[in-house]
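Right, one structure below, let's go through it.
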Amino acid sequence: QDQLVESGGGSVQAGDSLRLSCVASGRAGVAMGWFRQAPGKEREFQAAITANGLGTSTADSVKGRFTISRDNAKNMVFLQMNSLKPEDTAVYYCAARGRSPIVSRALRDYDYWGQGTQVTVSS
């Protein structure tokens, strides 16, 4: 059964770090991504990783602070977020492509989504 379950969100202070995790049942062999949606805004790309974990793509706004990785043996994807800022406050979603092992920054290319995990960063 295809299912994505995120965890690791929470409330932190500016400058702190968080590591988000996503268990991706039934989604082996495809590229995975992280997106976020702040109140009143559209869902936006953060980072993506190829099926084999050797290639990544990161949004310019978080490059150098956010790092995506995966552990295929455990069917898990991670988003390490450092130096968090109040503007990083959002619901973060894990997503999986239907079949493709190649990264994409486009929402429309992801067929499976988790329920999201809230990240709140206070100043």
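The values are calculated or read from the model by the stated rules, or taken from the named source; none is laboratory data. No experiment lies behind these values; they were computed from the predicted model shown. With ideal geometry, Cβ positions are generated from the backbone for all residues, glycine too; neighbour counts draw on all protein chains shown. Quick note on the areas: whole protein, heavy atoms, side chains included, nothing else; ligands and nucleic acids left out. Shrake-Rupley method; radii C 1.70, N 1.55, O 1.52, S 1.80 Å.
Length gain on complete extension for the stretch residue 87 to residue 123, per 0.36 nm per residue less the alpha carbon to alpha carbon distance?
Gain on stretching residue 87 to residue 123: 12.0 nm.
Any idea which of 55, 67, 83 is furthest toward the positive side of the dipole for the chain, if Lys and Arg beta-carbons carry +1 and Asp and Glu beta-carbons -1?
Selected residue: 55.
Mind listing the long-range amide H neighbours of residue 66? Cut-off is under 5 Å, sequence gap 5 or more, other chains count too, H placed in the peptide plane at 1.01 Å from N.
Distant-sequence amide H within range of residue 66: 82.
Amide H to amide H, which residues 5 or more places from residue 116 or on other chains are under 5 Å from it, using H placed in the peptide plane?
For residue 116, whose amide H was placed from the backbone, the distant partners under 5 Å are 6, 94.
Rolling a 1.4 Å sphere over the protein heavy atoms, what is the accessible area per residue of segment 39-123, to the nearest Å²?
Accessible area per residue: 54 Å².
Just in segment 1-95: which trypsin sites (Lys or Arg not before Pro) are loop by DSSP and have at most 13 other Cβ atoms within 10 Å?
Here the trypsin sites (Lys or Arg not before Pro) that fit, given the DSSP loop and packing criteria, are 41, 63, 74.
Summarise the accessible area of segment 1-119 (1.4 Å probe, protein heavy atoms) by the percent that is carbon and sulfur.
45
Taking the Cα centre of the chain as origin and charging only Cβ (+1 Lys, Arg; -1 Asp, Glu), how large is the dipole, in debye to the nearest 20?
Around 200 debye, computed over the chain.
Net charge within 14 Å of residue 48 by Cβ-Cβ distance, Lys/Arg positive one each and Asp/Glu negative one each, not counting residue 48 itself?
+4
From the phi angles alone, apply the Karplus equation (6.51, -1.76, 1.60; θ = phi - 60°) to segment 37-42 and give each ³J(HN,Hα) in whole Hz, x where the residue is Gly or Pro.
These are the phi-based 3J(HN,Hα) values: 9, 8, x, x, 10, 6 Hz.
Mind listing the long-range amide H neighbours of residue 59? Cut-off is under 5 Å, sequence gap 5 or more, other chains count too, H placed in the peptide plane at 1.01 Å from N.
Result for residue 59 returns 47.
Residue by residue, what Karplus-based ³J(HN,Hα) values in Hz, rounded to whole numbers, does segment 85-101 have, using 6.51, -1.76 and 1.60 with θ = phi - 60° and x for Gly and Pro?
Result, rounded to whole Hz: 10, x, 6, 7, 4, 4, 8, 9, 10, 8, 9, 10, 6, x, 9, 6, x.
Give me the percent of Cα-Cα pairs in the chain that sit more than 26 Å apart, rounded to a whole number.
Percentage above 26 Å: 13.
Return, ordered by residue number, the residues of segment 56-72 whose backbone nitrogen is under 12 Å from a label point located 7 Å along Cα→Cβ of residue 109.
So the set is 56-58.
Applying 1/(1 + (r/R0)^6) with R0 = 30 Å to the Cβ-Cβ distance of residue 13 and residue 75, what FRET efficiency is obtained, to the nearest 0.05?
For residue 13 and residue 75, the calculated efficiency is 0.40.
Relative contact order for the chain: what is it in percent, counting Cα pairs under 8 Å that are at least 6 residues apart?
Relative contact order, the chain: 36 percent.
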